[in-house]
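Here the structure is laid out as structure tokens; the discussion comes afterwards.
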Amino acid sequence: MAKIKDSEHRVTVMAEVVFPNDTNPIGIVHGGRIIQLMDIASAICAQMHAGKIAVTAGIDKVSFKQPARLGDILTIKAHITRTFNTSMEIYAEVWAMRLPALIPFLANDAYFTFVALDEQAKPTAVPALKPVTRGEKKQYKDALGRRKHRLS
């Protein structure tokens, strides 16, 4: 099996279909279900980067932009924006598509903070992230401001 390159595990993409048990009585997806899917994609992204178990330490700025509904196809994308000593910031977004048009729209986004754990469940160092593109460099820089805000 080939080793995954650093750039290949910066992004996690998952897909889901919205079923009746995911919705409220008027067919809109429960916010908690959306956050759960984002958390799972973000955890995979963090663990792939750290090479260790990573746990959710916080969720910042959850924005519900447009409602996803029964039958919609959801694409959950998570990517790492910055690493610190033992923590990582992950940006997650949920795109929804409705049949028959299948035109994607942004339903939700949020920033997640994950902490990597060692075998004794203690915080442990994570590899540094090296932003490459202009967009990655901007997110990397902006993450420091979000972190300062979280810690204040």
Next item on the list: Could you please find all residues in segment 106-120 being assigned to a strand (DSSP E or B) and farther than 7 Å from TYR91 by Cα?
Entry: LEU106, ALA107, ASN108, ASP109, THR113, PHE114, VAL115, ALA116, LEU117
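Condition test on ALA78, is it closer than 16 Å to VAL11 by Cβ and either open to solvent by less than 50 Å² (accessible area, probe 1.4 Å) or out of contact with any Phe, Trp or Tyr (no Cβ under 9 Å at 6 or more places or on another chain) (or both)? First the steps, then the outcome.
On the way: closer than 16 Å to VAL11 by Cβ: yes; either open to solvent by less than 50 Å² (accessible area, probe 1.4 Å) or out of contact with any Phe, Trp or Tyr (no Cβ under 9 Å at 6 or more places or on another chain) (or both): yes.
It is true that ALA78 is closer than 16 Å to VAL11 by Cβ and either open to solvent by less than 50 Å² (accessible area, probe 1.4 Å) or out of contact with any Phe, Trp or Tyr (no Cβ under 9 Å at 6 or more places or on another chain) (or both).
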Margin query: Tell me the residue from ALA46, ALA101, ALA96 that is open to solvent by 40 Å² or more (accessible area, probe 1.4 Å) and either under 20 Å from VAL132 (Cα atoms) or among the small types (Gly, Ala, Ser) (or both), please.
Written below: ALA101
Next item on the list: Select from segment 81-105 the residues that are assigned to a loop (DSSP other than H, G, I, E, B) and without any contact (Cβ under 8 Å) to a residue 40 or more places away in the chain and list them in ascending order.
Entry: ARG98, LEU99, PRO100, ALA101, LEU102, ILE103, PRO104
Checklist line | Failed condition for ARG33, given (1) open to solvent by 80 Å² or more (accessible area, probe 1.4 Å); (2) in contact with a helix residue (DSSP H, G or I) (Cβ under 7 Å, 6 or more places away or on another chain); (3) free of Cβ contacts under 8 Å to residues at least 24 places away in the same chain | finding: (1)
Notebook entry, point to check: If you scan segment 9-39, which residues turn out to be out of contact with any strand residue (DSSP E or B) (no Cβ under 7 Å at 6 or more places or on another chain) and not in a loop (DSSP other than H, G, I, E, B)?
Noted result: HIS9, PRO20, ASN21, GLY32, ARG33, GLN36
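The values are calculated or read from the model by the stated rules, or taken from the named source; none is laboratory data. Everything quoted here is computed from the prediction, not taken from an experiment. Note: ideal-geometry Cβ built from the backbone for every residue, glycine included; neighbour counts use all protein chains shown. To get the accessible areas, we keep the full protein, side chains included, count just its heavy atoms, and leave off ligands, DNA and RNA. Shrake-Rupley method; radii C 1.70, N 1.55, O 1.52, S 1.80 Å.
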